[in-house]
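First up is the structure itself, then whatever we jot down about it.
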Amino acid sequence: RTAARFAAVDLGASSGRVMTGAVGPDSLELREVHRFPNRPVRTGGTLHWDILALHQGVLDGLRRAGPVASVGVDSWAVDYGLLDADGVLLGNPVHYRDARTEGMAGRLAETLPPQELYAHTGLQYLPFNTVYQLGAARDSAQLAAARALLLIPDLISYWLTGVRGTELTNASTTQLIDPRTRDWSQTVAEAAGVPLSLFPPLRRPGDAAGELLPEVLDETGLDGPVPVTAVGSHDTASAVAAVPARSGRFAYIATGTWSLAGLELAEPVLTEESRRANFTNELGVDGTVRYLRNIMGLWLLQECMRSWESAGSPQEFEPLLRDAGSRTPLRSVVDAGDPEFLAPGRMPQRIGEACRRAGRPVPDGPAGTARCVLDSLAIAHRLAVEDAQRLADTEVDVVHVVGGGVHNELLCQLTADACGLPVVAGPAEAAALGNVAVQARAHGVIGDDAGLVRRLLYDTLPLRTYQPSGDHGSPQEWAGAAAAVRAGR
Ligand code: LFR
C-alpha cells in the first residue's frame, strides 16, 4: 500500500468546501484548499440553491487541490435537480426549507397511511423528504419535462463526469427506499405517483462513478484520468463513517446546521413506537443503518445571528457565547426538535414566543437567547440518545460529537451534562474525512474496514473529552427539563 491524495467535495447549507486528504496506511491528513459561501436565492417566491455558483466553487477547489488519485462528492440530503431529455438542468434546485411541501404529507397519507409508509421506508417525518417535494411539484411543467432526477451530489458528479447514478446513502433520504432490501420501494413509489425511472441506477459508497470530463480537466488544470468515486454522498453518512469510536457502544451527534443524533445499527428499527418517536433509518456506508433523529441544530443560533445583524445590532460570536455560558442554566428551553423552527426569519422572536407558549420566561437579550438555544439543543441531544437506546434495545457509554459544533465548547459541555455521559468531541470536518476515507479504502490505500478507519482517526486526531460536570445544572435539573420538553411533544 502506498500513500495517495484524495479530494473531498463537501457541500453544506452555509458553505461548500474542497479538502484534500493525504492518506497512508496509518496516517490521514486533511487540508482545506477552498471554502466558498452557499447563499440560497429567493425568486418568484421560491427558495433555491444557487447550484451553478456551487459547481464553480467545486471547480475552483479542484484547481487548488492539484493532482489527486480520485474525487468524492457529498452534500446535504433530499434535494435534487431535474434533467430534460438532452441532459440539461431544468431550473434551479429548490431548497428543502422552501414552504412548497406544506400539506403534502397529509395528501400522501390518503393513499398510504403513515404507519405503512414507515414500515416500508423507516424514514422519520420531515416535511421536506424528497417524496413530499415531488408531491408539491407534481403539476409543474418542469416535472412533466423531466427525464432524470439527480440528487445534489449526484448532479455535481454528473457535471464532473457525464455519468449518472443515484448514490444509496443519499437515496435513502428520499423516502422511496426500503431499508430492509436497500433498494427502491415500488409500493411507496406507486402510492406517491413517483416514476422510479427518473432515478439513474443505484450505486454504493466505494463504487466507481466515472472520470473527470475533458472540459473539467481543462478548467481545473488537472491531468487525466482522474476517477470520481462514490462516497457516502449524504454528508451525514460520511460524517458517521468518520466517528472515531473505539468500541461499538457509542452514540453520535453530527452537529452543524442540523444536529443528527443517534446510533449506528446493523438492522433498521421499523416499529410503530419508533415511528411515533420520529426516528429515521437512513442508510450508512458498509451496509449500516443510521438510526437517528433530526434536531434543529446550530441553525437556530445562525438564524438569530442573522436577525440581530439585519436589525442593526450584530453580535460577535465568542463574546456572546462567553456571556451565554455565565447565564442561569435551563431558565428557558424550547423543543429544538420542533419543525416550527425550520423556515428562516425572525428566529429570536419565534424562540421567545415558543417559551411564552410553554409558560417559560422569554429569554433576555442575545445572550439569554443563545443560552436558551444551547440548553435546548443539549436537551434534544439527550432525548435522542436516550430514546434511540430504548427503541433499538442497546446501550452506549460514550457520545461522539462530530461536525462544526465541535468548536462550540459550551454546547459540548452542556451535551455531556444533559446526557450524563462523556462526550468525545472531534473531528469538526467529519464529513470530509469520511468522504476521503471511503475513497482511500476503494483505492486500496487503507484496509477495507470501517473499524480500521475509526481506529486510525482515533489515533491521529486531536480529540477532546468533556465529562458531565454538574456546573450547568444538576442531573435532576436536566432530567426535569428534558421531561418537560418531552411532555410538550
Ligand atoms: C445535514 C443534512 C441532514 C438532512 C438535512 C437536509 O447536512 O444532510 O442529514 O436531514 O441536511 O438535507
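Readers should treat all values here as calculations from the given coordinates under stated rules, not as data from a laboratory. Treat the numbers as computed from the prediction; the structure is a model and nothing was measured. Because the Cβ atoms are built from the backbone with ideal geometry, glycine has one as well, and the counts that use them run over all protein chains shown.
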Please report GLU32, GLU264, GLU102, GLU429 as a ranked list, fewest other C-beta atoms within 10 angstrom at the top and most at the bottom. GLU102, GLU32, GLU264, GLU429
Give me TYR458, TYR252, TYR466 sorted ascending by neighbouring Cβ count inside 10 Å, so fewest comes first. TYR458, TYR466, TYR252
Determine the distance separating the Cα centre of region 270-332 from the Cα centre of region 333-371; give it in Å without decimals. 12
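What number, rounded to the nearest 500 deg cm²/dmol, is the helix-based mean residue ellipticity at 222 nm of the chain, given -39500 (n - 2.57) per DSSP H run of at least four residues and division by all its residues?
Numbers: 19 runs with 191 residues, N = 489.
It lands at -11500 deg cm²/dmol.
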Excluding CYS372 itself, what net charge comes from residues whose Cβ is under 10 Å from its Cβ, given Lys and Arg +1 and Asp and Glu -1? +2
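Given a cut-off of under 8 Å on Cα pairs at least six residues apart, what relative contact order in percent is computed for region 151-252?
Working: 126 pairs, mean separation 30.1, N = 102.
Relative contact order, region 151-252: 30 percent.
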For GLU116, what charge total do you get from the other residues with a beta carbon under 13 Å from its beta carbon, if Lys and Arg give +1 and Asp and Glu give -1? -3
Express as a percent, rounded to the nearest 5, the fraction of DSSP beta bridges in the chain (both residues included) that run antiparallel. 70
Span from the region 447-489 Cα centroid across to the region 395-416 one, whole angstrom: 5
Find out how many positive minus negative residues lie around PRO244, taking Lys and Arg as positive, Asp and Glu as negative, among other residues whose Cβ is under 11 Å from that of PRO244. +2
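If I take every Cα pair under 8 Å that is 6 or more residues apart in the chain, average their sequence separation and divide by the length, what percent do I get for the relative contact order? It would help to have the intermediate numbers written out before the result.
On the way: 1076 pairs, mean separation 80.5, N = 489.
The normalised contact order for the chain reaches 16 percent.
Please list the helices of the chain that count as membrane-span-like by this rule: a mean Kyte-Doolittle hydropathy of at least 0.0 together with Cα atoms stretching 20 Å or more along the helix axis, each helix being a complete DSSP H run.
Values: long enough: 51-65 (21 Å, 0.50); 365-392 (40 Å, 0.31).
TM-like helix candidates: 51-65, 365-392.
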Listing GLU190, GLU167 by rising number of other beta-carbon atoms within 10 angstrom, fewest first, gives GLU190, GLU167
Any chance you could tell me what percent of the C-alpha pair distances in the chain go past 32 Å? 38
